[in-house]
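Colleague: Sharing a structure below in structure tokens format, with a few things to ask.
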Amino acid sequence: MEGKQNWYVVDGYRPPEKPGEASYEGHEAIMILNCNEQDAHCFLDIYFSDREPILGIEYIAPAQRISAFRTNDKEVLQGVELDVNQQYSLRIRSDIGVIVQYGRCDVSQANLSYIGTLGYGE
């Protein structure tokens, strides 16, 4: 088994877009690497500071593949919409070990900002 079964991304935050000036689209994304020979059955749990969590959003990370999704993809999040400027945290639970990375491209300021970091895994 490669990777870990529980991953946490604490600093979730969808940045606003800078209309008309940026050649890059502001976004954030979750990347899941599954090095195993079987699909990883994952569950996404979203936590907020001001309301109850949304638990158990199903996601399949294909075997021996990298898969990625943007946090504004309501199809992947099964209808859940994360608002721009909304702070949240994410837990990803998997039935087998995977590796999770988080990325954010923020174009709301004069200088483009990109963060890419591994989540905390256990």
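The values are calculated or read from the model by the stated rules, or taken from the named source; none is laboratory data. These numbers were taken from a predicted model, which means no experiment stands behind them. In this analysis, Cβ positions are derived from the backbone assuming ideal geometry, glycine residues included, and neighbour counts consider all displayed protein chains.
Colleague: Quick one: in segment 56-84, which of the residues that are touching a Lys or Arg at 6+ places or on another chain (Cβ under 9 Å) and β-branched (V, I, T) is farthest from G97 (Cα to Cα)?
Modeller: Here the residue is V84.
Colleague: Tell me which residues, restricted to segment 15-29, are within 24 Å of Y120 (Cβ to Cβ) and either out of contact with any His (no Cβ under 9 Å at 6 or more places or on another chain) or at pLDDT 75 or above (or both).
Modeller: Answer for segment 15-29, where residues must be within 24 Å of Y120 (Cβ to Cβ) and either out of contact with any His (no Cβ under 9 Å at 6 or more places or on another chain) or at pLDDT 75 or above (or both): H27, E28, A29.
Colleague: Here's a follow-up. Between a residue in segment 31-43 that is under 16 Å from N6 (Cα atoms) and any residue that is buried (at least 17 other Cβ atoms within 10 Å of the Cβ) and of a type in the set (G, A, S), which pairs come within a Cβ distance under 6 Å, given they are 6 or more apart or on different chains?
Modeller: Qualifying pairs under 6 Å: I32/A61; I32/S67; N34/A40; N34/A61; A40/A61; A40/S94; C42/A61; C42/S94.
Colleague: Among (1) surrounded by fewer than 15 Cβ atoms within 10 Å (Cβ to Cβ); (2) closer than 19 Å to G121 by Cα; (3) aliphatic (A, V, I, L, M), where does I32 come up short?
Modeller: Status for I32: all satisfied but (1).
Colleague: While we're looking at this one, here's another question. Among the candidates I60, I96, single out the residue that is among the β-branched types (V, I, T), surrounded by fewer than 16 Cβ atoms within 10 Å (Cβ to Cβ), over 13 Å from the mean Cα position of the chain (by Cα) and assigned to a strand (DSSP E or B).
Modeller: I60
Matching residues to (1) assigned to a loop (DSSP other than H, G, I, E, B); (2) touching a strand residue (DSSP E or B) at 6+ places or on another chain (Cβ under 9 Å); (3) modelled with pLDDT of 90 or more; (4) buried (at least 17 other Cβ atoms within 10 Å of the Cβ):
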| site | (1), (2), (3), (4) |
| --- | --- |
| Q38 | yes, yes, yes, no |
| L55 | no, yes, yes, no |
| V80 | yes, yes, yes, no |
| Y102 | no, yes, no, yes |
| S108 | yes, no, no, no |
